[in-house]
Amino acid sequence: KVVRREIRLAEGDAFNSFQVKRSEDRINSLGYFQDKMTIKQLPGSAPDRVILETNLEEKSSGELQLSAGYSSLENFIASASITQRNFRGMGQELRANASLSSYSKSVSLGFTEPYMFDTNVALGGDIFRRDYSSYSTTGDTNDTTYEQVSTGFQIRAAVPLTEYWSATARYGLSYDQVTLDADTYYTNGVCDPLKAGRYLCDSIGNRLTSMVGANLIFDNLNNRLRPSRGQRLVTGLDLAGLGGDVRFARVRGDFDKYWNLGGFVLSAGIEGGYIHSLQKSPGEGIDPVRIVDRFYLGEPQFRGFDIRGVGPRI
């Protein structure tokens, strides 16, 4: 049933070559079988009938990755991940990840059931713990500015609207602990805005973020794992404030397109977002959006910039 539920035709349907090709793309996107699987068309029991046959050769759907290296930004880096995309042979995905560097540590565990109770509803969840140290570069030295520890979970669900459009909903709860180096940024036991800046001083403390969100997705990629043709658009809205201590609204958009150029694949992408606080400003001229909730870019998205090197400045 893991294979048959991806086929866009049922017994007795009128033959449709477009639906046959779409079925091939969906089965290849699973990542369970040999690459470039095709659906053969064989003569049926009558001249007006055809048999569709899939010759599937299953390949390993489990993946173990171990890596270690050195970066001028993060010094020693190590990571490990294990993923089983066809857990128990039922199309479920189970994954675990861990990473370690001088400025970040993280561990996460996730599970996804793509067809809950044999319906077109996908259900999944993740639990995580992330430790992150932000820093600023002065000359050849990196000085830590703030440290953020996030612990939490997320539950998500997805449902197809049409063949290419789908909608997802999610709920997440995270506990954030933000601290500053007291010896560097404190005066008389209190965060000094002249040393740290008002944004950092206002971000210090422990806060609970309760957030709901939804995405609208268009996806006609020919292969979700290694696309060479098609496009994918993701638009999303997040609302923090269903309980917890943080309140904001955030919208994001991400668009990627792929072209097959005969052996080469050309891709282009664009992304953007906007966040607006739903809390009162803590002071005149101070944006109530916490610095840790803002958008950041840099390595690895932008080569040549520090990690989180493109973002708010004090």
The list (1) 1.08; (2) 0.96; (3) 1.04 gives values of Rg/Rh (Cα atoms, Kirkwood Rh), and only one came from this structure; which label was calculated from it? (3)
Using only alpha carbons, build the gyration tensor for region 20-135 and give me the equivalent ellipsoid semi-axes, biggest first, whole Å. 42, 17, 11
For the chain, the longest principal axis of the Cα atoms and the Cα long axis of helix 17-30 enclose an angle in degrees, to the nearest 10, of 50
Work out the length of the dipole vector of the chain about its Cα centre, built from +1 on the beta-carbon of each Lys and Arg and -1 on the beta-carbon of each Asp and Glu, and round it to the nearest 20 debye. 700
Restricting things to alpha carbons, find the Rg to Rh ratio for region 160-314 using the Kirkwood radius for Rh. 1.07
Cα-based Kirkwood hydrodynamic radius, region 57-107, one decimal, Å: 12.4
For TYR186 the rounded accessible area (nearest 10 Å², probe 1.4 Å, non-protein molecules ignored) is 60
Separation of region 28-98 and region 230-270 by C-alpha centroid, Å? 23
What percent does the relative contact order of region 70-118 come to when contacts are Cα pairs within less than 8 Å and at least six residues apart? 31
How would you order 263-273, 174-184 from highest to lowest mean count of nearby Cβ atoms within 10 Å? 174-184, 263-273
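The values are calculated or read from the model by the stated rules, or taken from the named source; none is laboratory data. Owing to the predicted nature of the structure, the values given are computational and were not obtained by experimental measurement. Methodologically, a virtual Cβ is constructed for each residue, glycine included, from the backbone with ideal geometry; neighbour enumeration extends over all protein chains shown. These accessible areas exclude ligands, DNA and RNA; they are computed on the full protein's heavy atoms, side chains included. Shrake-Rupley method; radii C 1.70, N 1.55, O 1.52, S 1.80 Å.
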